[in-house]
Each structure stands twice: as structure tokens, then as C-alpha cells.
Protein chains: 2
Amino acid sequence: MLGEFDIATEVTRIDAGRFAAQIASGWDIAGNANGGYLIALAGRAMAEATGRPPLSVTAHYLAPGKVGSCEVIVDVLRTGRRTSTATARLISQGREVIAVIGTFGDQGEQGISVIDARPPVLPAIENCIRTKPPAAVGTGFGDRIDVRVRPRDATFRDGTGSGRAEVAGWFAFSDGQSVDAIGLLQVADAFVPVVFQRQEFPIAWAPTLELTVHIRGLPAAGPLRCVFRSRFMQTGMFEEDGEVWDSAGVLVAQSRQLALIPRI
Amino acid sequence: MLGEFDIATEVTRIDAGRFAAQIASGWDIAGNANGGYLIALAGRAMAEATGRPPLSVTAHYLAPGKVGSCEVIVDVLRTGRRTSTATARLISQGREVIAVIGTFGDQGEQGISVIDARPPVLPAIENCIRTKPPAAVGTGFGDRIDVRVRPRDATFRDGTGSGRAEVAGWFAFSDGQSVDAIGLLQVADAFVPVVFQRQEFPIAWAPTLELTVHIRGLPAAGPLRCVFRSRFMQTGMFEEDGEVWDSAGVLVAQSRQLALIPRI
């Protein structure tokens, strides 16, 4: 049974390296598709072209993705025993929206694990706060994803902010669809920008230049524990580092993006 | 005056998007070019093609880079007011060695800075230990770069290891050439793999799947303070996160790679 996210990221192969798709309504903010949605859409075409799930995917954001038809041009550069590497270009209305490179393959065998970190400590979901884009710019993205953050990480909404460039909370698809490796690409850019929590910066669009997601595991069923942080806000840019943990306490994705600090 | 690194990463434009270059002897380990050297070589061609220095560059490693002539094919996807985005493919002896995507542009204006980190605390350079590949596989890479690590981070050499997947130390080019934005790409993959410090894993090649470097500033003169860490060694893979700080205490680069845990 396909969920809303699966349907919104469907791709149809036209020929060996070309896929037709739709930038779906309802996954945009003020008409521009969310960045996590776009990398997931391209990632799905790349996964189909390589026959493998994503391991490490990087997107560079070139132009806003407007709702409507698009094409994903995939070039498989190498097919190895364990992994394949491909590039993709998502083109819509004659403009290149994102350019992507990724290596695809299954997770390795379990082997020896050494983990030097813990999942974020979060209040129960019912004690967290659902953040959505304001109704004025909302077109349903905040309804399709169910993001609930720690109360202190939602204080940007009343003009205060926690003073820490960190946002932690729960992620699930609203329709209950489980999150697979393609879904993790969406999770990596679904939360509010962490700089909103620092009063030094205005609450406005924080354009992503580049987003890299490492898929480190396949999520167990249940909502995901996520945390995003920035430590270096300088020369008009900031990095945002994300960790996504599943209900079994396993880190299933790491992300980092380089974005522009919002300006009025 | 060109330094050894500038000379070793020279590229010659053949036509709009094609550059001739050499994978130089002396920047390899056992005949295979170092990964930081390769991303720097491709990055230089991309910087020439766009006319801008690197901001965020990602390489995927497809095949070992053997010493000898090569070509870098650069495709400039977008040229904007502040930034340009390009892809590159480094091809040698008929094989694609690395595939690269990057956004290029100047650092933004200083603006408001919020920094939530400090440079690594390091002993004086003369109290650190110069690590080089063993003579059996050495071809001079360890002579061209001057990497000196904290004593506890060199303990892998006597079979113990610190028990922490972390290596910190100083970086300089041996000939005293200053490190520019292209040089920072080299710095991001110049230290020993951090997993060598954990006895759970053998001391052997740790192949990089993907390396992303964010250039966050232009280094002041003097040796660079660097730290590399991994927190998640699982399913045969590990991430390695790097920070590079200049002598003025400014973070000038962040890096992350996804690599395979060494096997015997």
C-alpha cells in the first residue's frame, strides 16, 4: 500500500536514464518544494536506475522547485559489486532545480559496532509541539509530515528562542507510512532551521546551498528521534548537522547542509 | 612563487570544459593518489572553470587514481550572482577516478558571527608526532605534507591506540606554501584514519566512498589546527568529521566522509 510520500515521489522511467515525475502539490512551502522532498524525488529515480538504495546522497540547490511536471536525468557512472554511483539533474519548466550525486548500495553486514553517541532525550510525543509553516505560506507540507519538537525548541514562535542553534523532536509521516531509505532523505530537511532559535538572526528563508545525507541503517517501525544543530554561523552561512535515530535506538541517518543565514 | 602542492595540482585548459592534468608522483600512497589530493586537483579545475573559489565540494571515489596523466571534465551547471555550481569527472587511463559536485563563490561578508565551538587544544608542534605512511608504502606523500599529531593519537603505531576514534594535530605543507581554499580540500583527507585508534579494527586501508568539504574561511598564515572524529562505526562503515582551524582561531573548513571500516 503506497503512502502519500511514496505517491508524491513516484517516478516513471521514460528511457534508460530519464524519468518523468511531478513536483507534487502539498510538499511545498509558498509554492516552492521543500528541499528534503526534492532530494528524495531525485534519490528515488537514482535508486531505480541503479537498482540499489541510497548510502550517501548530496544535492546542490540551483533554483526553486515549482509544483508541476519535471524530469530527472540520471547518469550511472559506476556499477560495482557492492555499490553504484550516479548523478542526477532534476529539471522543471526548463530550469535545473537540483543537481545530485550519490552512492547507492545495501548496508554492510552488522560486524563490530562502536557507537560513541546517544539518541536525543525527548519528551513524550504528546508533550512536544507540532511546528508547521504559518498558514499564510502553508500548502499542507506541515500536514503531511508530523514533526513535533521539544517545547524549548519551538520558542522561536513567540519571538524568544532558546538561544541554542539546536532543534530536536520526533518525525513521522502523518499517514503512518513507514520511513525507508528514500524517506530518510526527506527527514533530513523537514525541521525548522536551527538558526531560528538564535535571536541574532531574523525568521526568514534560509536557502540551502548543499545537503548531504548518509543513510546508516534501515529504520525500525515507529517515530524517529531527530536532532539538528549548528555550531558555526559565520560569513553569512551556517552548517546544520542532523542525526536521525529509530525507535530501536539505532542511528539511521546523518545529514549536513550548508545554508545561508536568513536576511530580512 | 608556486609551491609543490600548486605545481602538483596544476591544470591546463584544453577547451571550455576540459582540463589536462597529471596525477603527480609523490602525492600517492603505494601508487594510489591520496583522496584529498584528488579532490583538490578536480577542485582546482572547477575553480578555474567557474572563476570562483570552492564553498562546498563533494567527491565520490570510483577507482584508485594512479600516477600519470589525466583529464578533468567540468560542466558548469549554473552561474549566479554570488555562486556557481559545477560537476567534474576526473578520468585517468580510461577509468573514471572521482566524480565531483561543488558550489563555488567567495565567503560572505563578516556579518554577525555565532560560534559554539573551540579549536582543539594541541601540544606545541615540536611536542607532536609526525605520522607518515610506513616506508614500505611510502612514496613521499608524508614528506610533502607536515602532519603532526598529539602523542596519544599516534599510539596506533605501537599496536595500542587511544581507544577514541579521534585524531588531532597540526597541518602544514612541508615547503611552507600557505594553505588556500584549494589547499583546504587536501587538508580534509591528510590525516591517518581515526578508526586506527580503536583496537577493534585492523590497521589497513579505509576506502573513502564520499568526502564533502565546506570551506568556511580563508586561512591566516601559519600551521592549521585540525581534529577528526568518528562516532558511528557500524555495518562496516564509519563517518569521519573534520574541523580545520587557522592560527587566528577561525574555523576555515569542515569535512565529513563516509568510508569503509578496514578489513584484513
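A few remarks follow.
- In the complete set of protein chains, residue-level accessible area for B:Ser174 is approximately 50 Å², probe 1.4 angstrom.
- The same position B:Gly94 in the other copies lies at 4.2 nm from this copy, comparing label points 7 Å beyond Cα toward the beta-carbon, shortest first.
- Accessible-area value, B:Lys66, 1.4 Å probe, nucleic acids and ligands omitted, Å²: 90
- Couplings 3J(HN,Hα) for the range A:237-243, derived from phi with the Karplus relation 6.51 cos²θ - 1.76 cosθ + 1.60 (θ = phi - 60°), are 10, 9, 9, 10, 9, x, 10 Hz, where x marks Gly and Pro.
- The accessible-area loss of the range A:207-235 on complex formation, taken against its chain alone with a 1.4 Å probe, reaches 30 Å² or more at A:Leu209, A:Glu210, A:His214, A:Arg216, A:Arg231, A:Phe232, A:Met233, A:Gln234, A:Thr235.
- Those lysines that a straight Cα-Cα span of less than 22 Å connects to B:Lys132, excepting residues fewer than 8 apart in one chain: B:Lys66
- For the range A:1-159, the square roots of the Cα gyration tensor eigenvalues, ordered a ≥ b ≥ c, give a/c of at least 1.5 with a/b no greater than b/c, which places it in the oblate category.
- Projecting 7 Å from Cα along the Cα-to-Cβ direction, the label point of B:Lys66 sits 5.0 nm from its equivalents in the other copies, listed shortest first.
- Under a 5 Å amide H cut-off, with hydrogens placed 1.01 Å from N, A:Val97 pairs with A:Leu90, A:Ile91, A:Ser92 among residues at least 5 apart or on other chains.
- By accessible area with a 1.4 Å probe, ligands and nucleic acids excluded, highest first: order of B:Ser69, A:Ser255: B:Ser69, A:Ser255
- In the B-A interface, the accessible area buried, summed over both sides, Å² (probe 1.4 Å): 5200
- For the range A:12-22, putting each phi into the Karplus relation 6.51 cos²θ - 1.76 cosθ + 1.60 with θ = phi - 60° gives couplings of 10, 6, 8, 8, 3, x, 10, 10, 8, 7, 10 Hz, in residue order, rounded to whole numbers and with x for Gly and Pro.
- Solvent exposure ordering (accessible area, 1.4 Å, most first) of B:Asp189, B:Asp106: B:Asp106, B:Asp189
- Helix B:35-50 vs. chain B, principal-axis angle (Cα, 0 to 90°, nearest 10): 20
- By accessible area with a 1.4 Å probe, ligands and nucleic acids excluded, highest first: order of A:Ile203, B:Ile98: A:Ile203, B:Ile98
- When the Cα positions of A:Ile98, B:Ala172, A:Val167 are compared along the charge dipole of the protein assembly as shown, A:Val167 comes out farthest toward the positive end, with charges on each C-beta of Lys, Arg, Asp and Glu.
- Judged by the ratio a/c of the largest to the smallest principal axis of the C-alpha gyration tensor, the range A:81-230 counts as oblate, that ratio being 1.5 or greater while a/b is no larger than b/c.
- Inter-copy spacing of B:Val121 label points, which lie 7 Å from Cα along Cα→Cβ, given in nm from shortest upward: 2.5
- Summed residue charge, Cβ within 11 Å of B:Pro119's Cβ, Lys/Arg positive, Asp/Glu negative: 0
The values are calculated or read from the model by the stated rules, or taken from the named source; none is laboratory data. None of the values given here were measured: they were computed from a predicted structure. Here the Cβ is made from the backbone with ideal geometry for all residues, glycine too, and neighbour counts use every protein chain on show. Surface areas here come from the heavy atoms of the whole protein model, side chains and all, with no ligands, DNA or RNA. Shrake-Rupley method; radii C 1.70, N 1.55, O 1.52, S 1.80 Å.
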